[in-house]
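Trainee: What follows is a single structure, and I will ask about it in a moment.
Computed from the coordinates by the stated procedures, all read-outs in this text should not be read as laboratory data. Computed from a predicted structure; not experimentally measured. Virtual Cβ from ideal backbone geometry, glycine too; neighbours counted across all protein chains shown.
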Amino acid sequence: MSASAGAAQWNANDDTTLRSALINAAHGDLLNFTSSITVVGSDLPAIVKNLTIIGNNHVLSGANQYRGLFAYSGSSLIAKLNIGQTLARGGSGGSGRNAGGGGAGLGGGLFVAAGASVSIVNVQFFSSTAVGGTGGSENLGIPGDGGGGGSFKAMAAFRFRPPTQDRRKVSPTPSQTSPARAARAPTQAAGPW
């Protein structure tokens, strides 16, 4: 995916211009990093449209306090960007008689929600952490019922490994087996697993 013909270009060189571009860009626009950017004050606004984000090999830093990018909807391309020192922290669990567990901390450097798709090209992740929220505390004298979320820390770029074998279960053909064995042979599976 690339920027559409007639798309606007949004240049971002600091937290303010990056936030403005994420909020105001239209579907198909190009967001161009012109320098490295550190997120300040709160997590960035979610990506909710089709965007092309070109990092020009700059760094998006969460200052070890904030999430990197959060794609909520739309189809986006992110290229030539280094995302690091990010932190996604899940919310705290509720307190009370049956205190709740903490929320999941998802996507320290990049979180892609079910309604979004993101293609990445030459994107590096470093020191990106996702930490579950703390469990709620029970305060009525009944033990248990609370819990914290999990955590994940990425210290390197994501690596995708292709499947090493076909995982479909295939039975022998009748010519490969005796008539008695063919009668007992399982049928071919419906699809891959």
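Trainee: In sequence order, what are the phi-derived ³J(HN,Hα) couplings for segment 59-66 according to the Karplus relation 6.51 cos²θ - 1.76 cosθ + 1.60 with θ = phi - 60°, rounded to whole Hz, with x for glycine and proline?
Mentor: Each residue of segment 59-66 in turn: 10, 9, 10, x, 6, 6, 10, 10 Hz.
Trainee: Just to check I understand the Karplus step: with θ = phi - 60° and J = 6.51 cos²θ - 1.76 cosθ + 1.60, what whole-Hz values come out for segment 76-83, glycine and proline as x?
Mentor: 10, 10, 10, 9, 6, 10, 9, 10
Trainee: Also, I was wondering about something else. Would you grab the residues whose amide H sits under 5 Å from the one on residue 11? Only those 5+ places off in sequence or on another chain, please, with H modelled 1.01 Å from N.
Mentor: 32
Trainee: Moving on to the next point. Show me the ranking of peptides 53-63, 34-44 by mean Cβ neighbours inside 10 Å, starting with the highest. Don't skip to the answer; put the middle values down first.
Mentor: Details: 53-63: 19.5, 34-44: 15.7.
Averaged packing, sorted descending, gives the order 53-63, 34-44.
Trainee: Another question about this same structure. Mind pulling up the Rg/Rh value for segment 1-85? Radius of gyration and Kirkwood radius, both on Cα. Spell out each step's value before the answer.
Mentor: Details: Rg = 11.7 Å, Rh = 12.6 Å.
With Rh from the inverse mean 1/r over Cα pairs, Rg/Rh is 0.93.
Trainee: Report ³J(HN,Hα) in whole Hz for each residue of segment 111-117, in order, from the Karplus equation J = 6.51 cos²θ - 1.76 cosθ + 1.60 where θ = phi - 60°; Gly and Pro get x.
Mentor: The phi angles translate into 10, 10, 6, 4, x, 10, 9 Hz.
Trainee: What are the residues whose amide H is under 5 Å from the amide H of residue 83, where those residues sit 5 or more places off or on another chain and H is modelled from the backbone?
Mentor: Sorted by chain and number, the residues that satisfy this are 60, 124, 125, 126.
Trainee: Separate question: Which cross-chain or sequence-distant (5 or more) residues have an amide H under 5 Å from the amide H of residue 77, H modelled 1.01 Å from N in plane?
Mentor: Answer set, sorted by chain and number: 51, 52, 53, 119.
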